[in-house]
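Contents: one structure, followed by commentary.
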Amino acid sequence: MFCRECGSEIRKNVKFCPKCEVTPLSGTKHCQACGATTKSKQNLCKKCGAQLIKKEAVSKEDAPKAAKLASLFMPVVGLVLFFVWHKKKPQLADSVCNWSILGLIGGMILYAIGLASGVFGSLFGF
Ligand SMILES: [Zn+2]
Ligand SMILES: [Zn+2]
């Protein structure tokens, strides 16, 4: 068969194309049966008539919404989840980590606004 990404001839059922290193069937540029160039939305190969196979590359795992929201409002939760997940589910851990950082930044901004309004309040006697 041929790599759908780069069109080079490859062994059947290989996980990654040795030439371009992507999942061979995740590409859309070549026919997997004859290697002819194809367009991304094309379903049949114009040259050999083969049904073009489109397989998604390994999909990215994402953390559940509840976990993200919890990390956003309580960065400590994100930290705990990060340590629970970082070995088994690194992608989930990364995601909650980002959300808790966002939560931390948001918290700091709120704190700064509070501080500033407090300072201005005492300066101008609000
Ligand atoms: Zn390739
Ligand atoms: Zn073809």
Under 24 Å from the Cα of Lys47 - lysines, other chains or at least 8 residues apart: Lys12, Lys19, Lys29, Lys39, Lys55
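Just want to confirm a number: the relative contact order over the chain, from Cα pairs under 8 angstrom separated by 6+ residues, in percent. Let's see the in-between values first.
Working: 191 pairs, mean separation 19.3, N = 126.
Once divided by the residue count of the chain, the mean separation gives 15 percent.
Could you compute the FRET efficiency for Asn13 and Lys46, with r as their C-beta to C-beta distance and R0 at 30 Å, rounded to 0.05?
0.75
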Nearest-0.05 FRET efficiency for Val22 and Lys89, computed from C-beta distance (R0 30 Å): 0.85
Charge dipole magnitude, Cβ of K and R +1, D and E -1 - the chain, Cα centre, debye nearest 20: 840 debye
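If you wrap a convex hull around the alpha carbons of the range 65-124, what volume per residue comes out, as a whole number of Å³? Each step should come with its number before you reach the end.
Numbers: hull volume 3.6 nm³, N = 60.
Convex hull of Cα atoms, per residue: 60 Å³.
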Relative contact order %, the range 65-124, counting alpha carbon pairs below 8 Å whose residues are six or more apart: 33 percent
Cβ-based charge dipole, the range 18-70, positive-most Cα from Cys20, Ser40, Pro64: Ser40
Between the range 56-126 and the range 5-19, the alpha-carbon center distance in angstrom: 41 Å
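Which value, in Å to one decimal place, does the Kirkwood hydrodynamic radius take for the range 1-58 when every pair of different Cα atoms is included? Mind showing how you got there, number by number?
On the way: mean 1/r = 0.0928 Å⁻¹.
Final number for the Kirkwood radius of the range 1-58 is 10.8 Å.
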Relative frequency of Cα-Cα separations exceeding 20 Å in the chain, percent: 63 percent
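Any read-out appearing in this document is the output of simple, stated calculations on the displayed coordinates, not a laboratory observation. Because the structure is a prediction, the values reported are computed rather than measured. Quick reminder, even Gly has a Cβ in these numbers, built from the backbone with ideal geometry, and neighbours come from all protein chains shown.
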